[in-house]
Amino acid sequence: MHLRGSVLLFIVCGLAAVAQQGPPGNAQIDSSSPATTSGQPAEQSLSPAANAESKAVEAPKLDLTPDANGKLSQEQIEQLVRVVADRLIENEKRKRDYTFIERDVTHTLDGKGQTKSTEVRTYEVVQIYGEQVYRLIEKDDKPLDAKDAAKEEEKIQKFMDKHKNESEEDRRKRGEKEDKNREEGLKFFREVAYAYNFNLVGTELVDGREAWVIDGEPRPGFEPHVKGAKILADFHGRVWIDKSELQCSKIDLEAIDTASIGWVLARIHRGTQVMFERTRVNDEVWLPLHFTFKLDARIALFKGYKMAGELTYRDYKKFRTSAKIVAVGEAQESK
């Protein structure tokens, strides 16, 4: 199974509406919606029109003043998590303004957790006609041979041929679908604020920047209002939040129970682990830096996957979205 496929099994299927590993979205920061006494979002009662209007209003500045013991209240942390969720979506949108290199390492494990085989794939990731496209450039850290390189060029040329004559109506529909996915991702991320009891552990330096360290444990009786969010109750974890920019710089998650996805689509077993780090790029955006996982899952009750691996990201380059595509793999850097 391709590494991104195995990771998407966890991220996309497991976190349902959140994110295909590419775009989630564009949303205004809105941290003003209080939780009710039951821990459920009061904003659920708003009409679509009221929600749309509220998103257009800039959120008030958060009061993150700690108490006499140096602690933040549960309400303060919930508001913080909502702001971080909104900004995470915005960063994923901005990620599409960048080309980068992604190196994927996949270890297939045996029943005892020992490595049976390892596969390494390196991709150049570019934007073509508004979509993120992965172009394989190395296998096992060696350049592709002529045959495989030609296959990659052919694959991307077919993609370009498919979209270059796309009608305005089709382009509009594709854009609307992306907008809908982003909005669903925003709703899911916001649900995190109500799914957990949070504890401020302290502060640590992450990549030389001071960050809050917050633990999250599933909140008893949590009832999700967003499709797929029930899976949150099967995980606990720790998050590092950059104090100066309120950005998520690191996440560490672990499955504490078997998480079922769909009717019989997949089961993610206890012990599955995910760690994700982000870095500040060009003083304007936070982008992926390092992603590791240990996955124990079963698809449709038949095929099992025991895998571990990591993704690393490098060579971020911003390009002009209006630039003409001259050749496959070529991107124009902004000046």
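The values are calculated or read from the model by the stated rules, or taken from the named source; none is laboratory data. Please read all numbers here as calculations on a predicted model, not as lab measurements. Every residue, glycine among them, receives a Cβ derived from its backbone with ideal geometry; neighbour counts consider all protein chains shown.
Assorted remarks:
- Filtering segment 239-253 to residues that are over 14 Å from the mean Cα position of the chain (by Cα) and buried (at least 16 other Cβ atoms within 10 Å of the Cβ) leaves TRP240, ILE241, ASP242, LEU246.
- Boolean, SER54 is at pLDDT below 95 and either assigned to a strand (DSSP E or B) or in contact with a strand residue (DSSP E or B) (Cβ under 6 Å, 6 or more places away or on another chain) (or both): no
- Taking every residue in segment 173-185 that is closer than 13 Å to ILE89 by Cα and pairing it with any residue that is in a helix (DSSP H, G or I), at least 6 positions away or on another chain, the pairs with Cβ-Cβ distances below 6 Å are GLY185/ILE89.
- Any hit, segment 205-220, residues being in a loop (DSSP other than H, G, I, E, B) and basic (Lys, Arg): yes
- Filtering ASP215, ASP207 for residues that are under 22 Å from GLN273 (Cβ atoms), of a type in the set (D, E, K, R) and modelled with pLDDT under 90 leaves a single hit, ASP207.
- For segment 222-237, the set of residues classified as free of Cβ contacts under 8 Å to residues at least 40 places away in the same chain and of a type outside the set (A, V, I, L, M) consists of PRO224, LYS230, ASP234, PHE235, GLY237, listed by residue number.
- Exclusive hit being in a strand (DSSP E or B), farther than 22 Å from ASP97 by Cβ and at pLDDT 80 or above, set VAL192, VAL201: VAL201
- Residue count for segment 76-106, restricted to those that are among the acidic types (Asp, Glu), under 25 Å from ILE214 (Cα atoms) and at pLDDT 85 or above: 0.
- Residue in segment 236-247 that is within 21 Å of GLY185 (Cα to Cα), modelled with pLDDT under 90 and outside any loop (DSSP other than H, G, I, E, B) present: no
- Enumeration of residues in segment 104-131 that are buried (at least 16 other Cβ atoms within 10 Å of the Cβ), under 20 Å from PRO288 (Cα atoms) and not hydrophobic (A, V, I, L, M, F, W, C): ASP104, THR106, ARG121, THR122, TYR123, GLU124, GLN127
- With respect to being more than 26 Å from GLN76 (Cβ to Cβ) and either basic (Lys, Arg) or surrounded by fewer than 16 Cβ atoms within 10 Å (Cβ to Cβ) (or both), ARG278 falls outside the description.
- Failed item in (1) in a loop (DSSP other than H, G, I, E, B); (2) surrounded by fewer than 17 Cβ atoms within 10 Å (Cβ to Cβ), with VAL226 passing the rest: (2)
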